[in-house]
Structure formats: C-alpha cells, structure tokens
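*Asks:* Got a structure here, written out as structure tokens. Questions coming.
Any read-out appearing in this document is the output of simple, stated calculations on the displayed coordinates, not a laboratory observation. All values reported here derive from a predicted model rather than from experimental measurement. Heads up, the Cβs are rebuilt from the backbone with ideal geometry, glycines too, and the neighbour counts pull from every protein chain shown.
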Amino acid sequence: MAIIPIRVVPDPILRQKSKRVRTIDGSIRKLISDMIETMHYIHAAGLAAPQVGIPLRVIVIGIPEKGDIVLINPEVVRRKGECLVDEGCLSVPDYRGEIMRAESVTVKGRDQNWKEIRIKADGLLAQALEHEIDHLNGVLYIDQLESMDKLRKIEPEEIQL
Ligand SMILES: [Zn+2]
C-alpha cells in the first residue's frame with residue numbers, strides 16, 4: 001500500500017476523460033487499496049483515480065457511518081431535485097465554493113469484486129458521488145462558478161472531495 005500525492009490544478013490529467021476499466025486485475029486492486037489508504041490518510045471524503053494520476057474510471061468514497069465505497073465505471077442513472085451546497089476539492093487546495101448539486105442520485109457501477117451495484121443516495125453521499133464522477137469526465141466543481149472570485153478560503157476542518 002502507498003500514499004499517493006494528489007494532482008492539483010492546472011495538472012492536465014484533471015481535465016482528461018478517464019478510460020473505462022475492462023476487468024479487475026492486480027493493478028486495479030492495488031490502485032483501489034492505494035486510493036483508500038490515501039483518502040483516509042489525508043482525511044478526504046472521496047477520491048477519483050485521476051486525482052492520483054491514473055486516468056481510469058475508479059472512485060472511492062469514505063463518509064463516516066457509510067463505510068468505504070468503491071465504484072468502478074460509475075454512472076449517474078438518475079438525478080432528483082436540486083440544492084445549493086458548499087463544496088471543496090483536494091485538487092483545488094485551500095478553497096471552497098457554493099454550487100448546485102442534485103438532492104438525490106442513483107448511481108450504478110461495479111464494486112471491487114466486479115459485482116454490479118446500484119446506490120441511491122442523498123445528502124453528502126450524493127454530493128460526493130456527483131463530485132467524484134465529474135472528475136472522471138474532466139469536470140471540476142469550479143467550472144460551475146461564474147468566476148474564481150466566488151471561491152472562499154477554507155477552514156482546516158472542512159470536508160474535501
Ligand atoms: Zn475533487
């Protein structure tokens with residue numbers, strides 16, 4: 001296992017569309033365990049593979065009381081409602097901003113055993129799922145802001161995705 005440094009803007013890998021994973025092998029298993037270890041080490045609530053320099057469609061989410069979630073080739077299949085949320089990203093260090101997210105989402109994908117799974121989520125989990133899946137498409141939350149002046153400096157205890 002290893003802690004992997006997080007890529008930050010303007011690293012071009014963050015703007016790339018990540019590739020689908022075709023099958024689980026040793027390198028994907030290692031990527032997943034490194035991502036989980038890194039996420040916990042830096043106290044993040046989620047991480048997408050391009051943030052650790054690997055342009056593959058893999059995300060991990062670690063929200064207290066939900067356990068660690070691993071999703072391979074995740075897709076949002078349903079979005080419901082809209083709400084204004086406060087969001088931050090490890091790849092845009094030290095800042096946060098307010099953007100619109102779905103109130104609830106349904107996401108499908110595969111877990112670390114290549115089993116198909118479907119997750120219905122609201123609140124922080126829904127926000128984290130949308131945020132991490134955006135990363136796989138080269139999208140950052142700051143793309144939703146009218147200007148970078150809308151960002152504010154982060155407080156140390158705030159959640160990063
Ligand atoms: Zn992020």
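*Asks:* Cβ neighbours within 10 Å, averaged per peptide: list 18-28, 37-47, 94-104 in order, most packed at the top.
*Replies:* Details: 18-28: 12.6, 37-47: 19.5, 94-104: 16.4.
Those peptides, ordered most packed to least, come out 37-47, 94-104, 18-28.
*Asks:* In µm²/s, what is D for the chain at 37 °C and 0.692 mPa s, where D = kT/(6 pi eta Rh) by Stokes-Einstein and Rh is the Kirkwood radius from Cα pairs? Spell out each step's value before the answer.
*Replies:* Values: Rh = 15.7 Å.
Value of D from the Cα-based Kirkwood radius: 209 µm²/s.
*Asks:* So how many Lys-Lys pairs in the chain land under 18 Å Cα to Cα, not counting same-chain pairs under 8 apart? Please list the in-between numbers first.
*Replies:* Numbers: K19/K30; K19/K108; K30/K115; K66/K108; K66/K120; K80/K108; K80/K120; K108/K120.
Lysine pairs meeting the criterion: 8.
*Asks:* Whole angstrom only: what separates the Cα centroid of region 2-17 from the Cα centroid of region 37-65?
*Replies:* 12
*Asks:* Largest first and in whole Å, what are the equivalent-ellipsoid semi-axes of region 71-134 based on the Cα gyration tensor, each being the root of 5 times an eigenvalue? Walk me through the intermediate numbers first.
*Replies:* Numbers: eigenvalues 101, 46, 10 Å².
Rounded to whole Å, the semi-axes are 23, 15, 7.
*Asks:* Got the relative contact order for the chain handy, in percent, Cα pairs under 8 Å and 6 or more residues apart? Kindly include the intermediate steps, with their values, before the conclusion.
*Replies:* Values: 330 pairs, mean separation 41.8, N = 161.
It comes to 26 percent, rounded to a whole number.
*Asks:* Still on this structure, I have one more. How far is helix 26-41 tilted off the main Cα axis of the chain, in degrees rounded to 10, range 0 to 90?
*Replies:* It works out to around 40 degrees.
*Asks:* Given N residues in region 1-83, what is Rg(Cα) / (2.2 N^0.38 Å)? Please list the in-between numbers first.
*Replies:* Working: Rg = 13.2 Å, N = 83, 2.2 N^0.38 = 11.8 Å.
After normalising by residue count via 2.2 N^0.38 Å, the value is 1.12.
*Asks:* For K66 and L84 in the same chain, what is the full-extension length gain: residue separation times 0.36 nm, less their Cα-Cα distance, in nm?
*Replies:* Numbers: separation 18, 0.36 × 18 = 6.48 nm, distance 2.25 nm.
Extending this stretch completely gives an extra 4.2 nm.
*Asks:* Quick query: amide H of A44 versus all other amide H atoms, modeled in the peptide plane; which residues come in under 5 Å with a sequence gap of 5 or more or a different chain?
*Replies:* The answer is none.
*Asks:* Shifting gears a bit: For region 104-120, in order, what is each residue's ³J(HN,Hα) by Karplus, 6.51 cos²θ - 1.76 cosθ + 1.60 with θ = phi - 60°, in whole Hz (x at glycine and Pro)?
*Replies:* Couplings: 9, 9, 10, 10, 10, x, 10, 8, 5, 9, 6, 8, 5, 9, 9, 10, 9 Hz.
*Asks:* Something else about it: Taking the Cα atoms only, what angle lies between the long axis of helix 123-136 and the longest principal axis of the chain, rounded to 10 degrees?
*Replies:* The two axes meet at around 70 degrees.
*Asks:* Still on this structure, please answer the following. Once fully extended, how much extra length lies between Q144 and A2, figured as 0.36 nm per residue of separation less the alpha-carbon to alpha-carbon distance?
*Replies:* Numbers: separation 142, 0.36 × 142 = 51.12 nm, distance 3.27 nm.
Residue separation times 0.36 nm, minus the Cα-Cα distance, leaves 47.8 nm.
*Asks:* With θ set to phi - 60°, apply the Karplus curve 6.51 cos²θ - 1.76 cosθ + 1.60 along region 71-76 and write out the HN-Hα couplings as whole Hz, x wherever there is a Gly or Pro.
*Replies:* Once θ is set to phi - 60°, the couplings for region 71-76 become 10, 10, 6, x, 9, 7 Hz.
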